[in-house]
Amino acid sequence: MRRASGYAPQISADATRVYYLLRSPVSASVTLSVFDLRSNKTSELLADFSVLTYDISPDETSIAFITTGRNGVPAAWMAALDRRSPPRLVAEAASKVAFAGEHLVISSLEGHMNFVTRIGQDGTNRTRLLETPITDMGQVSPDGRWIVVGTSVAREGANVQNVAVPVAGGTPRKLCGATCFPTWSADGRWMYVTLLRGSGLDESIAVPLAPGVVFPDVPLAGADSPAAWLALPGARRIDHIRIAPMRDPSSYVFTKQDELRNLFRVPIPR
């Protein structure tokens with residue numbers, strides 16, 4: 001028996017609701033749902049759309065999401081969480097979207113490449129933030145000033161590094177390599193770094209941030225090493241990877257993978 005699978009959790013700012021994507025067991029459709037931790041009730045959002053990726057605005061009034069558009073090309077849309085207005089198309093040819101203050105940041109599809117691009121929430125004033133293509137787009141910092149992206153670098157072959165790009169424009173800040181995935185808590189008090197090392201050694205580390213600080217002072221040369229992050233004051237190891245953090249490292253949501261198999265008896269002709 002196949003079951004619906006949930007993934008891509010996001011936590012509300014007050015840590016009382018969990019948003020997530022739910023894949024149907026019988027079709028390719030993916031719905032956006034929200035689970036209320038106080039009432040234990042689940043509600044389906046955007047029933048008319050199959051959602052690829054999404055982001056919830058910090059004030060929880062709007063959803064930005066990616067769905068398959070015309071000719072099978074993904075596009076960015078926005079919708080009101082109170083459903084008082086219909087969803088509206090924001091940008092064609094976009095594979096990721098995130099809120100960044102009064103703007104949106106999208107991974108814009110241009111030919112066979114992706115570029116990190118800032119646009120208005122009405123779809124106007126489209127501005128490319130990096131002239132080099134990106135390999136992936138991560139989270140916007142809680143202050144709305146930085147967006148984490150992966151970029152290719154020419155260093156002994158094709159490698160990828162994660163950088164933070166200023167949403168207002170400017171020089172990117174190098175963070176770590178391709179196997180390091182930084183995120184923040186909604187209130188900006190913690191940074192969480194997932195380090196993928198393979199062979200069952202993947203781990204996450206939580207690092208406290210002082211007020212007004214967005215990036216911890218970790219040496220760039222050791223940013224892919226757990227030891228460098230754990231050496232920071234107050235850092236602690238988390239038991240799971242790629243978590244959706246709540247208010248502190250003691251509470252978070254993560255995706256658990258289960259594999260279900262069936263055993264059948266098949267008669268063999270003699």
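The set of residues in segment 131-141 that are assigned to a loop (DSSP other than H, G, I, E, B) and under 13 Å from the mean Cα position of the chain (by Cα) contains only Ser141. Checked against the criterion of being over 21 Å from Met246 (Cβ atoms), surrounded by 13 or more Cβ atoms within 10 Å (Cβ to Cβ), in contact with a Gly (Cβ under 8 Å, 6 or more places away or on another chain) and in contact (Cβ under 8 Å) with a residue 40 or more places away in the chain, the candidates Ala100, Ala91 yield just one match: Ala100.
For segment 165-184, filtering for residues that are farther than 15 Å from Trp146 by Cβ and either free of Cβ contacts under 8 Å to residues at least 24 places away in the same chain or assigned to a loop (DSSP other than H, G, I, E, B) (or both) leaves 2. Taking the conditions (1) of a type in the set (A, V, I, L, M); (2) closer than 28 Å to Tyr192 by Cα; (3) at pLDDT below 95 in turn, Ile56 satisfies each one other than (3). With respect to (1) closer than 21 Å to Met78 by Cα; (2) not in a loop (DSSP other than H, G, I, E, B), the lone exception for Val160 is condition (1).
Screening Thr171, Thr151, Thr179 for residues that are surrounded by 17 or more Cβ atoms within 10 Å (Cβ to Cβ) and either of a type outside the set (Phe, Trp, Tyr) or closer than 29 Å to Asp14 by Cβ (or both) leaves exactly one candidate, Thr151. Just a yes or no: is a residue in segment 69-87 closer than 20 Å to Phe254 by Cβ, surrounded by 17 or more Cβ atoms within 10 Å (Cβ to Cβ) and in contact (Cβ under 8 Å) with a residue 40 or more places away in the chain? No - not one qualifying residue is present in segment 69-87. For the criterion of being over 20 Å from Pro245 (Cβ atoms) and in the same structural domain as Ser108 (by TED's automatic domain parsing), Ser62 passes. Hey, among Ile119, Ile63, Ile147, which residue is under 17 Å from the mean Cα position of the chain (by Cα), farther than 22 Å from Tyr192 by Cα, part of a strand (DSSP E or B) and modelled with pLDDT of 95 or more? None of the others qualify; the one that does is Ile63.
The values are calculated or read from the model by the stated rules, or taken from the named source; none is laboratory data. No experiment lies behind these values; they were computed from the predicted model shown. Cβ coordinates were reconstructed from backbone atoms using ideal geometry, including for glycine residues, and neighbour counts include every protein chain displayed.
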